[in-house]
Structure formats: C-alpha cells, structure tokens
Amino acid sequence: MTRGARAVVVRPSFRVRGGGADPEARLEEAKGLALAIGLAVADAIIVPIREARAGTLFGEGQIQNIFATCEMEQAELVIVDGSLTAIQQRNLEEKLKRKVIDRTGLILEIFGERAATAEGRLQVELAHLDYQAGRLVRSWTHLERQRGGFGFLGGPGETQIEADRRMIRDRMARLRRELEQVRRTRGLHRSRREKAPWPVIALVGYTNAGKSTLFNHLTGAGVMAEDLLFATLDPTMRRIRLPGVEKAILSDTVGFISDLPTQLVAAFRATLEEVTAADVIVHVRDIANPDSLAQKRQVLEVLEELGLIEGEGAVPTIPIVEAWNKWDLLPPDRAEELQAQISAHPDEVIVPLSALTGGGCDELLAAVARLLTAGARPHEFTVPVSDGQRIAWLYAHGEVMADEDGGEDERGPLRRLTVRLEPRELGRFARL
C-alpha cells in the first residue's frame, strides 16, 4: 500500500478505565500519526469497549460497524490506536477484509521512514524485529503484508529467510552488538565533552511540542520542524551562547509519546542517554494543547525510567526548566490563568514563550544561564585597561556586577571589575 492510501482510524475506549488521556485527544493524536506517514484519514471513530475480546478486541457488532465505515469510505487500511495481539490482528483482517495495523506498527513505520543516521536505522530495525519476532505465525501466511526490509504498509512481500525465527534472532544479536559499539562511541564523545568546560542543555518533550522549532530559533540550525508527529528522530547538537556562558551545547532529542512501544524505548536508550549527561534539561510543552498535562506526565515517566527523577516527591536529579511553548496561541483569559499558576509556583522554573515568533526565548536563555551559573561567586579583579583580552574574557564568561576606575600603577590605568564566576571559570581566568 502506497502513501496516500485511505485509512480508517479506530480508537478503542475502555469504559472501566478511569483517568488517562481524553479519548478525543488520543484520537486526534492517532490521526496525526497516520498523517505523519502520508496516509489519507478517511474517517476516525472512537469505539467504546466494556470488555476486550481475546480473539478480536472488538465485539461482532462493532466490527460490522467498522467494516461498514470502511466500505462507505473506500478505505484500504484500518489503524487501531492500541495494542493488538498477533491473533487479534489476523482475525480483524479476515473479518474486515483489509490490512490492519496497531499503534506500535504505525509508530515503527514512521520511525523507519524518518531515521536518517546509521544509528537511527539500526535502532528502528532492532525495534521492528523485536516486534515481529512474536508474530511469525502470522507472517508465514501473510507475507504480502510486509514491505521489503521492515515496513508494514506496502510493497512486495519479504523473503522467507527474513521471517525465519532463527535468522531474526541472529540479526537482532548483530544489531545489538553494533548498537553497543555506537553506545561506546557516544560515551567517548560524552567524556570528551565533560573534559571540556562546556555545559550541555537537552531539549525534551512530547512529540510536536515545538522542540525543533525552538532549537532552530536558538541555534540558527536547519533541523526539520513541521507540524507533524516525529518530524525529527535523530539527535542534533549545536553550540549556543548564554548570558555569562561563552559556549554551551544544545541537544535536540526525539519526541516522546504516550504508549511508546517498549521495543522503541529499549532501542532508543542509547540516544536518550544524551539526556542523562545534560547539565540542564529544558522540557518543552505545547501549552496550547488541551492534553498538555497528560503529555507532561508521559515525559516525566520516561525521565523517571532514565533515572532523572527519583523518589516519591519526583525530585529531578538534573535541573529542569519548563518551556511553555505556543503561548501566542492561547486566548487572553487562558494566558492569565496560566500566568497565575506560574506565580503560584516560584520554586519551579517556568518560562512562557513562542518558538515560532521568538517571544520569550531570551528569558529562557537567561533562566538556563542562571541554573548553569548557580555555583558562581563574586570575585574582584584589577586589570590594566590595556589588557582588553582579559577584560573581554571576563565579560564573556561571567556576570560583570561592577566595572569601576581602579586607579593606576606601573602598568598604566586600571579597571576594577566585580564578576560572578564559577570555580572552573575562575581557574581558567587564572591561567590566562
């Protein structure tokens, strides 16, 4: 099946389950996932489920309604925004007479298309093989449902050897070895950065929250930034300057999403390890999204899995700044309400901004700089006016609190500067 194929998106809604994301919001997200892979969403429906059927998930009447919708909309594909077992997927395909994929398969398809680096492709292929290994019974009789390599949505059937359990197991072992080498290489790069006096700032957040747009605005980079889920997958790093910090490294990471397939969580752990090495984490939130709070919980769950949030009090082990993005899309009354929330939590670092217009970005950089220089202490220096290099260095690497006339000595006119510097910057200045 090619891009542009018509699809019906079905969101199962379990009546007995309380809390969680709003079904309408989850349905919109599922439609976004389908659009991200180039499908045409013919219809999207919520199907309430009191009790899941072991063989089909849905009841017979619900399956007939889905079938009727597909016939009316001339849809070729059914996307179930949930997890399906291999048996459920096979039975639904037989009853609906169409290809059926679940949320995991759809996300894997998106990741397979978007991964640009060798590491990203390795991670996606490993995740797919892990997912496919439990569906070999189905694959032997439905080989035409898979694209060459590791896709779900179309093309000629894969060869028998790719569906063989032993070959999959061997291939997965090779991929894990290659990813371990990538992890070691990334660790070496991290150790080099740690030896250099440059702090690392990691952007994290729910997919489509605006991380890449913010990254581009702060760095002038050309990272793909579109109104699509998972517009970018591979991490990107660029140098930026902050007030009182001459150089810092800004890292844009893969977006998180609710119910991210466990295969992908494991496969992308090497990439997410970049977050664990950060000095400050900037959590970018789409504050205009009505489901923003549920999205925040999903991100914090992933950070907790990485060991970045500990204890019952959810205490972060790395300072976290919340960037409330898309502030310009809020109606005035909602903006006032949220501004009151910010004022009510002075212990949290929250910055409203718009990555698209740039409004609030300077305040974000200043907030990050304050966290990075929290250990800085004021020091007084007397520097000859003629030594412009050392004076400029102090302005570039510290916060100049006072710059006064320091009289004269044998070196000529002097300047007396009071500058807040971190211990490592003080040591560097002493070596100049």
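The values are calculated or read from the model by the stated rules, or taken from the named source; none is laboratory data. As the structure is a computational prediction, the values presented were derived from the model and not from experiment. Positions of Cβ are generated from backbone atoms using ideal geometry, with glycine treated the same way; all protein chains shown enter the neighbour counts. Only protein heavy atoms, including side chains, enter the accessible area calculation; ligands, DNA and RNA are left aside. Shrake-Rupley method; radii C 1.70, N 1.55, O 1.52, S 1.80 Å.
Quick notes
- Pairwise FRET efficiency - Trp198 versus Glu60, Cβ, R0 = 56 Å, nearest 0.05: 0.35
- 18 Å reach of a label modelled at Arg416, 7 Å along Cα-to-Cβ, counting backbone N of region 387-401: 391, 400-401
- Of all aspartates and glutamates in the structure, those lying under 13 Å Cα to Cα from Lys97, and not within fewer than 8 positions of it along the same chain, are Glu71, Glu76.
- Residue order for Arg114, Arg103, Arg90 - accessible surface, 1.4 angstrom probe, largest first: Arg90, Arg114, Arg103
- By accessible area with a 1.4 Å probe, ligands and nucleic acids excluded, highest first: order of Lys211, Lys31: Lys31, Lys211
- Set of lysines near Lys247 by C-alpha distance (under 24 Å), chain-local residues within fewer than 8 positions excluded: Lys195, Lys211
- Label point distance in nm, Glu305-Asp259, each placed 7 Å from Cα along Cα→Cβ: 1.5 nm
- Average accessible area per residue (Å²) across region 60-136 - probe 1.4 Å, nucleic acids and ligands excluded: 37 Å²
- Under 5 Å from the amide H of Ile49 lie the amide H atoms of Ser13, Phe14, Arg15, each residue being 5 or more positions distant or on a separate chain, with H modelled from the backbone and absent for Pro and chain starts.
- In loop segments of region 391-428 as defined by DSSP, the GluC sites (Glu not before Pro) with at most 15 further C-beta atoms inside 10 Å of their C-beta are Glu410.
- Heavy-atom accessible area ranking, 1.4 Å probe, most first, across Trp393, Trp198: Trp198, Trp393
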